[in-house]
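Participant: Right, I'll just put the structure down here and ask away after.
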Amino acid sequence: MKKIHRKYCIALALLIIFALLKVTLVPNLQHTALYRPLKDGITALGWVLVAYMGYWYLERRRWEKASPEERRDMERSGQDERNQFLWGQAAYFSWQITLAAIAAMAVVMSVLDCTVGILAAAVLFGVHVLSYLIQLSRLSQKF
């Protein structure tokens, strides 16, 4: 449970940072083009973090209320071969959908002749592939 606790603390710290940014930085950019995207982006990320923290809290309560036998079953359910296979297949499908969405975005932006959109699609593709390679490297060192 320590790993989950660390993730909760990171989410809480990010939530506090986003709240401070929204209160201090965003109002100063009110008459610029960055105001609306920053305000909406920080708000959306804040709500995602709140949802994650709520999920974490409910999972922690479920863990604390479980008997030792139920806890073992909960730990095993995430580590058995069937669940690992399902998670792998879901990740592979998500990989394909994300790449298709980025490709569609690049096509639409090129039709609209939006250079910034095309660059954003290229950056997203790069981040996507880079995150895959970093995780592959980490997992190959771990196993």
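Participant: Tabulate in residue order the Karplus-calculated ³J(HN,Hα) for the stretch 10-16, using 6.51 cos²θ - 1.76 cosθ + 1.60 with θ = phi - 60°, rounded to whole Hz; enter x for Gly and Pro.
Facilitator: My calculation for the stretch 10-16 gives 5, 4, 5, 4, 5, 4, 5 Hz in order.
Participant: What 222 nm value per residue comes from the helices of the chain, counting each DSSP H run with n ≥ 4 as -39,500 (n - 2.57) and dividing by all residues, nearest 500 deg cm²/dmol?
Facilitator: Rounded to the nearest 500, the figure is -32000 deg cm²/dmol.
Participant: Turning to a different aspect of this structure: Compute the label zone of residue 7 within the stretch 94-108: residues whose backbone N is under 19 Å from the point 7 Å along Cα-to-Cβ.
Facilitator: Within reach of a label on residue 7, which here means backbone N under 19 Å from a point 7 Å along Cα→Cβ, the stretch 94-108 contributes 94-95.
Participant: Tell me the label-point distance for the pair residue 96, residue 19, using the 7 Å Cα-to-Cβ offset, in nm and rounded to one decimal.
Facilitator: Output for this residue pair reads 4.3 nm.
Participant: Order the following by accessible area, largest value first: 50, 129, 123, 26. Probe radius 1.4 Å; ligands, DNA and RNA are ignored.
Facilitator: Descending order: 123, 50, 129, 26.
Participant: Then there is this: What order do 42, 17 take when sorted by accessible area (1.4 Å probe), most exposed first?
Facilitator: 17, 42
Participant: With a Förster radius of 25 Å, plug the Cβ-Cβ distance of residue 128 and residue 33 into 1/(1 + (r/R0)^6) and report the FRET value to the nearest 0.05.
Facilitator: 0.40
Participant: Which of 63, 34, 104 sits closest to the plus end of the dipole of the chain, meaning its Cα is farthest towards the positive end, when Lys and Arg get +1 and Asp and Glu get -1 on the C-beta?
Facilitator: In the chain, that residue is 63.
Participant: Angle between the Cα long axis of helix 35-65 and the longest principal axis of the chain, 0 to 90 degrees, nearest 10?
Facilitator: Rounded to the nearest ten degrees, it is 0.
Participant: Once the Cα atoms of helix 81-111 and of the chain are each reduced to a long axis, what angle between those two axes, in degrees from 0 to 90 to the nearest 10, is obtained?
Facilitator: Roughly 0 degrees between the two axes.
Participant: Separate question: If you take every residue apart from residue 58 with its C-beta less than 13 Å away from the C-beta of residue 58, what net charge results, scoring Lys and Arg +1 and Asp and Glu -1?
Facilitator: Taking every Cβ under 13 Å from that of residue 58, the sum is +2.
Participant: Let me spell out the model: positive unit charges on the Cβ of Lys and Arg, negative unit charges on the Cβ of Asp and Glu, origin at the Cα centre of the chain. What dipole size does that give, in debye rounded to 20?
Facilitator: The dipole magnitude comes to about 520 debye.
Participant: Just to be sure I follow: if Rg is taken over the C-alpha atoms of the chain and Rh is the Kirkwood radius over the same atoms, what is Rg/Rh?
Facilitator: 1.06
The values are calculated or read from the model by the stated rules, or taken from the named source; none is laboratory data. As the structure is a prediction and not an experimental result, all values here were calculated from the model. Reconstructed Cβ throughout: ideal geometry from the backbone, glycine too, with neighbour counts over all protein chains shown. In case anyone asks, the SASA skips ligands and DNA or RNA and just uses the protein heavy atoms, side chains included. Shrake-Rupley method; radii C 1.70, N 1.55, O 1.52, S 1.80 Å.
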